[in-house]
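The values are calculated or read from the model by the stated rules, or taken from the named source; none is laboratory data. Predicted model only: the values in this text are computed from it and were never measured. Cβ placement follows ideal geometry from the backbone for every residue including glycine, while neighbour counts extend to all protein chains displayed.
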Amino acid sequence: MKNLIEVQNIKKNYGKKEAVKGISFNVEEDEILGLLGPNGSGKTTTIGMLLGLLQPTSGQIFINNLKLEENRIQILQMINFISPYIELPKKLTVKQNLYVYSKLYKVENIKERIEYLSEKLRIGELLNSITGELSSGQKNRVSLAKALVNEPKVLLLDEPTASLDPEVGDFVRTFLEEYKKEKKISILLASHNMNEVTRLCKSVLMMKNGEIIDQGKPEDLITKHGRANLEEVFLKLSRSKNEFN
Amino acid sequence: MSLTRIYGLFLRHFYLITRSFPRILDLVYWPSIQITLWGFISNFFATHTTYYNNAVGVILTCAILYDFLFRTSIGFNMLFLEEIWSRNFTNLFIAPMRIGEILTSLVITALIRSLIGLVPAILLTSPLFGISILDLGIFLFFLFLSLYIFGITLGILVSSGLLRFGPSFENIAWSTMFLLAPFGCIYYPIETLPEIFQKIAYVLPLVYIFEEARNILINQTVNIENVYYAFIWNAFYFSLSIALFYYSFNAAKNKGTLINMGE
C-alpha cells in the first residue's frame, strides 16, 4: 500500500519548550491511524504541522509523495480537516458555506458535489438553514460535508465526535468507515474516545510529552499491556513515566 | 454586596488588561489622540477665522474623504476580524489559497463595502447642504484612489498585527485611523502642526491628499505635485504592508497563532 502521509522526524519547539520531539510515522492509503495521547501531548501541534499551519522546527512531511514545505497549495488541495474548535461562518446558510468552500477548493461540479454530500450526510433539509442556528450534531455533519467538499485524499480529524450524542456519533463513525472504504483515503484521527479508535483505526500512535511512546494495532496494544481494552492501555501509558517501548 | 466577589470580577478584567500590551496601548492613546486632534482643530479655527469663508463645503468634503478612508481601512479589518469571530479562520488558512489571493479578495470586498457607504453620503450632501463633492472634478478620482490605497494599506498592516499577535490586536484595528488623524491634516493646513509633527505628516500620503482637496476647492487650482507625492508614499507604504503581511504569516506559522486564533 502507498503511504499518503509520511512524517519524518518532525520537531516543534516554542522557544525552549519542545512541543513535539522528533516523531516519525506513515499513514497508508485506505487506512485510519489513531493519534492518542493526553492533553498537551502534541497531537494538535502535529496536526497543525500536517496542515501547514505550523512550521516544524525540523523534519519533513510528505503528503502523497509531495514535500509539504515546497508544495503547500498543491497539498492543501488534497487534504481537509475537521475539528470541534473551528466552525463555518454562522450567518451564512449551509448551502452558501458549502458553495463558498467549493469555490475555494476549485470544485468543478459544485451542484452535484453538494447534492452527493447532502444525501450521504443527510443534510439535504438543512441546506437553506442558517449555519449558526443548527444543533451540534447538525453542525458536525455540515462541517464534515465541508471537509469532504474537495474529495480529499487525506482527512485529518481532531475529536470528530466530541460533544455529539451516541446516535449522531455512531452515524459519523459509520459514515467515515464507509467513505474511507469507498474512496480509499487516509485518515489521521485524534480522539479521546477509545471505543471510537478501537472501532475505526487499523493502528494507533500513543503520544506523551511530544513523543510517540507506543504504537501498534489496538488489539496488539491491549494484549501487550495486559489490559482489557484500549482505554485502560491509554490510562496506563498516560500515567506512566515513559518506561515503554 | 460581597467585596470579595466585586474584587474577583475586577481581577478578571484587570488580568486581561495587564496581560495584553495592545489593550494597555488602547487605554492610553484614545484620550491622547482625541485631545491632540481637537486641540489642533480648535487652535486653527481660533487663529484663522476667515480661512474657510469662501468655501463652505471644504469641511464637509474633507469629512467625506476622511470617512471613505476610514471605511476602507475598517472595512478591510472587519473582513479579517469576521473570520476570527466566527472561528472560521483555520478553515480559511487550510484552504489552498495563496496569500495574494486572500489579500486581493479582501481588497475588492473592502472597496465594494466602502462604495456602498460612500455613494449615499455623496448623494445626501447636495440636497441637504447644497454642496457637491464632485466640485473636485476629475482629480476627485485620484484623491479617492489615493485614499483607497492608503486605507487598504492600513488594513493590511492591522491584519498583519492580528496574524502576529492574535485577537488582542483587535483594539488597534479600530483605532488606527484616529491615531493618524492629527497628522493627516484633514481639517486644517499642515502649518497648524508643530514642526516635529509636520515632519511626520510629510511622510504620510494623507497630508498631500487633504491639502490638495482644500487647494482645489479654495484656490480653484490644481497642484499636481500633491497628487504625485501621495502616490509615491502610497506605493512605499503599500509595498511595506504586503511585505509585513508575509512576514507576519510566517511568524504566525512559527508561533502557532494560526491554530489558536479563535481563542
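A few remarks follow.
- Filter pass, B:Thr257 being crowded, with 17+ Cβ neighbours inside 10 Å and either out of contact with any Gly (no Cβ under 6 Å at 6 or more places or on another chain) or closer than 30 Å to B:Ile84 by Cα (or both): yes
- Residue match in segment A:223-232 (condition: crowded, with 22+ Cβ neighbours inside 10 Å and in a helix (DSSP H, G or I)): yes
- The residues on offer are B:Leu60, B:Leu81, and the sole one that is part of a helix (DSSP H, G or I) and at pLDDT 85 or above is B:Leu81.
- Those residues of segment B:84-93 which are more than 7 Å from chain A (Cβ to nearest Cβ) and either of a type in the set (S, T, N, Q) or surrounded by fewer than 22 Cβ atoms within 10 Å (Cβ to Cβ) (or both), in sequence order: B:Ile84, B:Trp85, B:Leu92
- In segment B:109-126, the residues that are within 30 Å of B:Thr257 (Cα to Cα), away from chain A (no Cβ under 14 Å) and not small (Gly, Ala, Ser): B:Leu111, B:Ile112, B:Arg113
- Scanning segment A:59-98 for residues that are basic (Lys, Arg) and more than 12 Å from chain B (Cβ to nearest Cβ) yields A:Lys67, A:Lys95.
- Complete set of residues in segment B:58-83 that are within 14 Å of another protein chain (Cβ to nearest Cβ) and surrounded by 20 or more Cβ atoms within 10 Å (Cβ to Cβ): B:Phe80, B:Leu81, B:Glu83
- Given (1) surrounded by fewer than 18 Cβ atoms within 10 Å (Cβ to Cβ); (2) in a loop (DSSP other than H, G, I, E, B); (3) facing chain B (nearest Cβ under 10 Å), number of the condition A:Lys103 does not satisfy: (2)
- Conditions (1) under 30 Å from A:Lys2 (Cβ atoms); (2) surrounded by 17 or more Cβ atoms within 10 Å (Cβ to Cβ); (3) not hydrophobic (A, V, I, L, M, F, W, C); number of the one not met by A:Thr131: (1)
- Just one residue in the set A:Glu167, A:Glu125, A:Glu108, A:Glu115 is surrounded by fewer than 22 Cβ atoms within 10 Å (Cβ to Cβ), assigned to a loop (DSSP other than H, G, I, E, B) and without any contact (Cβ under 8 Å) to a residue 40 or more places away in the chain; that residue is A:Glu108.
- The residues on offer are B:Leu163, B:Leu240, B:Leu244, B:Leu157, and the sole one that is within 14 Å of chain A (Cβ to nearest Cβ) and under 20 Å from B:Thr72 (Cβ atoms) is B:Leu163.
- From the options B:Leu128, B:Leu111, B:Leu134, residue that is free of Cβ contacts under 8 Å to residues at least 12 places away in the same chain, aliphatic (A, V, I, L, M), assigned to a helix (DSSP H, G or I) and surrounded by fewer than 20 Cβ atoms within 10 Å (Cβ to Cβ): B:Leu128
- Any helices (runs of 4 or more DSSP H) falling wholly within segment B:164-263 and containing at least 3 residues that are more than 19 Å from the chain's Cα centre (by Cα): B:195-201, B:224-255
Every residue, every condition in (1) among the small types (Gly, Ala, Ser); (2) modelled with pLDDT of 95 or more; (3) under 20 Å from A:Tyr14 (Cβ atoms); (4) touching a strand residue (DSSP E or B) at 6+ places or on another chain (Cβ under 8 Å), yes or no:
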site: A:Asn26; (1), (2), (3), (4): no, yes, no, yes
site: A:Asn39; (1), (2), (3), (4): no, no, yes, no
site: A:Lys43; (1), (2), (3), (4): no, no, yes, yes
site: A:Leu50; (1), (2), (3), (4): no, yes, yes, yes
site: A:Lys67; (1), (2), (3), (4): no, yes, no, yes
site: A:Pro84; (1), (2), (3), (4): no, no, no, yes
site: A:Leu88; (1), (2), (3), (4): no, no, no, no
site: A:Lys91; (1), (2), (3), (4): no, no, no, yes
site: A:Lys120; (1), (2), (3), (4): no, no, no, no
